[in-house]
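Engineer: Just passing along the structure, written as structure tokens.
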């Protein structure tokens, strides 16, 4: 299906907004930003997260006043008015806040437009690393405006995987734990984008994943040729009441099938 012109316009808007958000984040990065704990196990938030969130909402809502809004820093689960909108901005102002606080450059601004439950335009921008990923439904994926394509080795090649160490508990792999070269990056959106780039062969998170962390990057990886599902092999869906999916598995089609066989104990799911 070819990309729609309106979706391409939305992509340009997201990239422009992400780049301007990066300038805000860079002002605060390694400059002792104020930090608060959100409580209830939600982790930290910084003044940079909040300023970026306010900026993105102002820019995006002005450009598309008829779109809904879902952001990690805007009472996401209490803002159910978004469910009445067919098109919704889904935003993580800073994905990888802990890395940001620690002075690590691997944090990202993750933005998407979700329509009818699936992302149609996406941008993931890492301002300190000079990386800007983009995608539009039916239009492919790019890194710094150049097309990217997923890799697709099989398990015999001992592929690379971006995942946290607990994901390799043997109890999670009834079909057999794969032999992979494990690495990690702090931003979930970046991990997905790196699979789309082909720099890493796969990524996995067993824990439930919030929409704002994965919506945009899931489109980037998919448009680059990856298969992206939840940990049970189901299609990801966005802008639902709970605003999360049951983990994420992303890889080229052949490797994804092998990983799902390990995770579920089932034979090749295709």
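Each reported figure results from applying straightforward, stated rules to the coordinates on display, with no laboratory input. Model, not experiment: these values are computed from the prediction. Quick reminder, even Gly has a Cβ in these numbers, built from the backbone with ideal geometry, and neighbours come from all protein chains shown.
Engineer: Residues to consider are 68, 6, 43; find the one that is in contact (Cβ under 8 Å) with a residue 24 or more places away in the chain and under 28 Å from residue 141 (Cβ atoms).
Structural biologist: Result: 68 is the single residue among 68, 6, 43 that is in contact (Cβ under 8 Å) with a residue 24 or more places away in the chain and under 28 Å from residue 141 (Cβ atoms).
Engineer: Still on this structure: Take residue 190 and tell me if it is over 23 Å from residue 138 (Cβ atoms), in contact (Cβ under 8 Å) with a residue 40 or more places away in the chain and surrounded by fewer than 24 Cβ atoms within 10 Å (Cβ to Cβ).
Structural biologist: Details: over 23 Å from residue 138 (Cβ atoms): yes; in contact (Cβ under 8 Å) with a residue 40 or more places away in the chain: yes; surrounded by fewer than 24 Cβ atoms within 10 Å (Cβ to Cβ): no.
Against the criterion (over 23 Å from residue 138 (Cβ atoms), in contact (Cβ under 8 Å) with a residue 40 or more places away in the chain and surrounded by fewer than 24 Cβ atoms within 10 Å (Cβ to Cβ)), residue 190 does not qualify.
Engineer: Just the residues that are over 19 Å from residue 221 (Cα atoms) and assigned to a loop (DSSP other than H, G, I, E, B), please, taken from region 151-163.
Structural biologist: 158, the sole residue that qualifies.
Engineer: Which residues, counting only those in region 197-211, are touching a residue at least 24 places away in the same chain (Cβ under 8 Å), over 13 Å from residue 248 (Cα atoms) and out of contact with any helix residue (DSSP H, G or I) (no Cβ under 8 Å at 6 or more places or on another chain)? Can you show your working first?
Structural biologist: Step one: filter region 197-211 for residues touching a residue at least 24 places away in the same chain (Cβ under 8 Å), giving 197-198, 200-211.
If we keep only those that are over 13 Å from residue 248 (Cα atoms) as well, we get 197-198, 200-201.
If the condition is that a residue be touching a residue at least 24 places away in the same chain (Cβ under 8 Å), over 13 Å from residue 248 (Cα atoms) and out of contact with any helix residue (DSSP H, G or I) (no Cβ under 8 Å at 6 or more places or on another chain), then 197, 198 are the ones that fit.
Engineer: Residue check, residue 102 against (1) closer than 20 Å to residue 251 by Cβ; (2) surrounded by fewer than 24 Cβ atoms within 10 Å (Cβ to Cβ), all met but one. Which one?
Structural biologist: Residue 102 satisfies all of (1) closer than 20 Å to residue 251 by Cβ; (2) surrounded by fewer than 24 Cβ atoms within 10 Å (Cβ to Cβ) except (1).
Engineer: Restricting the search to region 130-143, which residues are assigned to a loop (DSSP other than H, G, I, E, B) and within 17 Å of the chain's Cα centre (by Cα)?
Structural biologist: The answer is 137, 140.
Engineer: Please go through (1) in a loop (DSSP other than H, G, I, E, B); (2) touching a strand residue (DSSP E or B) at 6+ places or on another chain (Cβ under 9 Å); (3) closer than 30 Å to residue 48 by Cα for residue 111 and return the number of the only condition it doesn't satisfy.
Structural biologist: Unmet for residue 111, out of (1) in a loop (DSSP other than H, G, I, E, B); (2) touching a strand residue (DSSP E or B) at 6+ places or on another chain (Cβ under 9 Å); (3) closer than 30 Å to residue 48 by Cα: (1).
For every residue, the table says whether it meets (1) buried (at least 17 other Cβ atoms within 10 Å of the Cβ); (2) within 22 Å of residue 214 (Cα to Cα).
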site: 26; (1), (2): no, no
site: 29; (1), (2): yes, no
site: 33; (1), (2): yes, no
site: 38; (1), (2): no, yes
site: 45; (1), (2): yes, yes
site: 53; (1), (2): yes, yes
site: 56; (1), (2): yes, yes
site: 63; (1), (2): no, no
site: 74; (1), (2): yes, yes
